[in-house]
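The values are calculated or read from the model by the stated rules, or taken from the named source; none is laboratory data. None of the values given here were measured: they were computed from a predicted structure. Please note: Cβ atoms are built from the backbone with ideal geometry, for glycine as well, and neighbour counts cover all protein chains shown. With ligands, DNA and RNA removed, areas are computed over all heavy atoms of the protein, side chains included. Shrake-Rupley method; radii C 1.70, N 1.55, O 1.52, S 1.80 Å.
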Amino acid sequence: MRSLVLNQRTVQFCFVQFSCGKSASHKTALFLYNNVSYNLRNDKLLILDLDGVLITNPSWKADRIHSDGYSEFNEFCVENLNRLLTLAEFDIWLSSTRRTVKTLTEFNLIFKNRGIKKEIVGFIPEYDDCINRKEEIQKFITEFKTSDFLIIDDDKSLNGLESGIKENLILTELTKGFNTEKLKEATEKIKNCS
């Protein structure tokens, strides 16, 4: 059993593997919380940051605030994310440090208010022994035992990811975010994995 924070609660979970068909294998994660289970809906994971991906304000300027009181998202980046979400069925996992100040329910409302067509299913755990985003993501992917994922993030520490993980990274720039160029790059990575 492992633990992670989901909707600001510690969730105990275990991994279940089973075969589907004669030669195909299928992985799913079964989350257990207060005797309630939650199965991930999709095999593909989208590990998503916010700042430098959907929020593109320069760090020296205050965020523009949406009518719901949270930071405004770049509309073009949101549009590109929605296009990406039509190309594959992803479970979205939030990696942003902002995940530590809002609940999953609050973030899903924020996503809905900004026109994002898919809900977040969870947050990358805050591991006590990880000192940066690179270590958190690497540990999460290793523990999750998945090879079908995409990371969209602007954190330069991710350049140090293991090569097998880094090949699924779309590294954005703070003020450009998930622009058309990065959408093309993500589309190519999805095509090459299919």
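Quick rundown of the values:
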| read-out | value |
| --- | --- |
| Hits in segment 103-117 (condition: surrounded by 18 or more Cβ atoms within 10 Å (Cβ to Cβ) and either touching a Leu at 6+ places or on another chain (Cβ under 7 Å) or part of a loop (DSSP other than H, G, I, E, B) (or both)) | LEU104, PHE107, ARG114, ILE116 |
| Some residue of segment 139-156 being free of Cβ contacts under 8 Å to residues at least 24 places away in the same chain, in contact with a Phe, Trp or Tyr (Cβ under 7 Å, 6 or more places away or on another chain) and open to solvent by 30 Å² or more (accessible area, probe 1.4 Å) | yes |
| Set GLU126, GLU173, GLU185: member being modelled with pLDDT of 95 or more, outside any strand (DSSP E or B) and over 18 Å from LEU46 (Cβ atoms) | GLU173 |
| Test: ASN168 is at pLDDT 95 or above, surrounded by 13 or more Cβ atoms within 10 Å (Cβ to Cβ) and over 23 Å from HIS66 (Cα atoms) | yes |
| Any pair with Cβ under 8 angstrom, 6 or more apart, that starts in segment 97-122 at a residue that is farther than 21 Å from ARG133 by Cβ and ends at one that is among the β-branched types (Val, Ile, Thr) and in a strand (DSSP E or B) | ASN108/ILE120; LYS118/ILE92; GLU119/ILE92 |
| Hits in segment 52-68 - residues which are crowded, with 17+ Cβ neighbours inside 10 Å and over 18 Å from ASN113 (Cβ atoms) | GLY52 |
| Residue, modelled with the highest pLDDT, within segment 17-51, restricted to residues that are among the hydroxyl-bearing types (Ser, Thr, Tyr) and surrounded by 12 or more Cβ atoms within 10 Å (Cβ to Cβ) | THR28 |
| SER96, sole failed condition from (1) farther than 20 Å from SER59 by Cβ; (2) small (Gly, Ala, Ser); (3) open to solvent by less than 10 Å² (accessible area, probe 1.4 Å) | (1) |
| Those residues of segment 69-93 which are among the acidic types (Asp, Glu) and open to solvent by less than 10 Å² (accessible area, probe 1.4 Å), in sequence order | ASP91 |
